[in-house]
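The values are calculated or read from the model by the stated rules, or taken from the named source; none is laboratory data. As the structure is a prediction and not an experimental result, all values here were calculated from the model. In this analysis, Cβ positions are derived from the backbone assuming ideal geometry, glycine residues included, and neighbour counts consider all displayed protein chains. Just the protein is used for accessible areas: all its heavy atoms, side chains included, with ligands, DNA and RNA removed. Shrake-Rupley method; radii C 1.70, N 1.55, O 1.52, S 1.80 Å.
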Amino acid sequence: MNKPPVAILMGSQSDIPVMQESANILKDFGVPYEMKVLSAHRTPKETAEYAENFRGHGGKIFICGAGVSAALAGVVSAHTTLPVIGVPIDSGPLNGMDALLSTVQMPPGVPVGAVAIGSPGAKNAGLLAVRILSLGDSVLAKKLEDYREQQRQKVLGTDLH
Ligand code: RP5
């Protein structure tokens with residue numbers, strides 16, 4: 001049990017600015033995480049090994065971001081039975097549509113929960129991870145209620161003239 005509950009993985013160092021959105025949410029909610037660059041295509045053995053060992057070391061949820069032919073979330077899901085959230089990154093000439101389809105079109109039996117392309121998806125991936133963890137954590141559940149109320153107040157406080 002030496003791993004934090006959430007692993008944020010990404011296919012390249014160039015994905016860091018987008019995946020930082022997931023990290024920011026986890027920080028805000030006080031959820032420990034580990035962030036690593038691991039590529040399904042460029043470091044396949046290391047990726048498989050990491051995915052296989054994460055649960056045994058206390059890990060609970062993967063957030064995987066990758067661009068272009070984005071195989072990372074799917075490959076991680078193939079090597080674990082933990083929940084995997086996939087973030088399609090808009091890093092290629094197709095602006096993330098390629099990564100979206102790669103991430104969302106998983107074969108039946110190997111699930112990946114795909115979120116929106118880019119930073120909004122990375123932010124929601126962090127929130128989704130917090131929601132999953134809140135199933136067994138009443139403190140996190142209360143923080144999520146507070147977060148939702150803050151969003152409500154922000155909308156209601158917007159006066160247009
Ligand atoms: C993907 O290729 C990565 O996830 C990244 O989004 C994209 C480009 O990678 P780099 O060429 O910047 O390393 O595998």
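Details
- Simple label model, 7 Å out from Cα along Cβ direction - residue 57 to residue 135, nm: 2.3 nm
- Fluctuation leader among 37, 18, 87 - the chain, Gaussian network, Cα springs under 10 angstrom: 37
- Summarising the amide proton neighbourhood of residue 8: residues at separation of 5 or more, or on other chains, whose placed amide H is nearer than 5 Å comprise 34, 35, 36, 63.
- At the listed q of 0.17, 0.18, 0.19 Å⁻¹, the Debye profile of the stretch 92-161, built from one uniform point per Cα, gives log10 I(q)/I(0) equal to -0.83, -0.87, -0.90.
- Averaging 1/r over each pair of different alpha-carbon atoms in the chain and inverting the result gives 15.9 Å, the Kirkwood hydrodynamic radius.
- Nearest-ten-degree value, helix 44-54 long axis tilted from longest Cα axis of the chain: 50 degrees
- Per-residue 3J(HN,Hα) values for the stretch 19-26, derived from phi via the Karplus relation 6.51 cos²θ - 1.76 cosθ + 1.60 with θ = phi - 60°, read 6, 4, 5, 5, 4, 4, 5, 4 Hz in sequence order (x marks Gly and Pro).
- Considering only 135, 82, 100, the Gaussian network model of the chain with Cα springs below 10 Å gives its largest mean-square fluctuation to 135.
- Solvent exposure of the stretch 6-156 as accessible area per residue, Å², 1.4 Å probe: 52 Å²
- Using a Gaussian network model of the chain in which every pair of alpha carbons under 10 angstrom is joined by a spring, one finds that among 59, 74, 92 the greatest mean-square fluctuation is at 92.
- Couplings for the stretch 133-145, taken from phi via the Karplus curve 6.51 cos²θ - 1.76 cosθ + 1.60 with θ = phi - 60°, read 5, 5, 4, x, 8, 5, 5, 5, 4, 5, 4, 5, 4 Hz in order; Gly and Pro are left as x.
- Here the simple spin-label model places points 7 Å from the Cα toward Cβ, and for residue 147 and residue 41 these points are separated by 3.2 nm.
- Amide H contacts of residue 116 (H built 1.01 Å from N, in plane; Pro and chain starts excluded): 121 sit under 5 Å, all sequence-distant by 5 or more or on other chains.
- Per principal axis, descending, Cα span of the stretch 1-73 in whole Å: 32, 27, 14
- Rounded to the nearest 20, the Cβ-based charge dipole of the stretch 6-156 about its Cα centre (Lys and Arg +1, Asp and Glu -1) stands at 260 debye.
- Rounded to the nearest 20 debye, the dipole magnitude of the stretch 20-64 is 60 debye, with +1 charges on Lys and Arg beta carbons, -1 on Asp and Glu beta carbons, and the Cα centre as origin.
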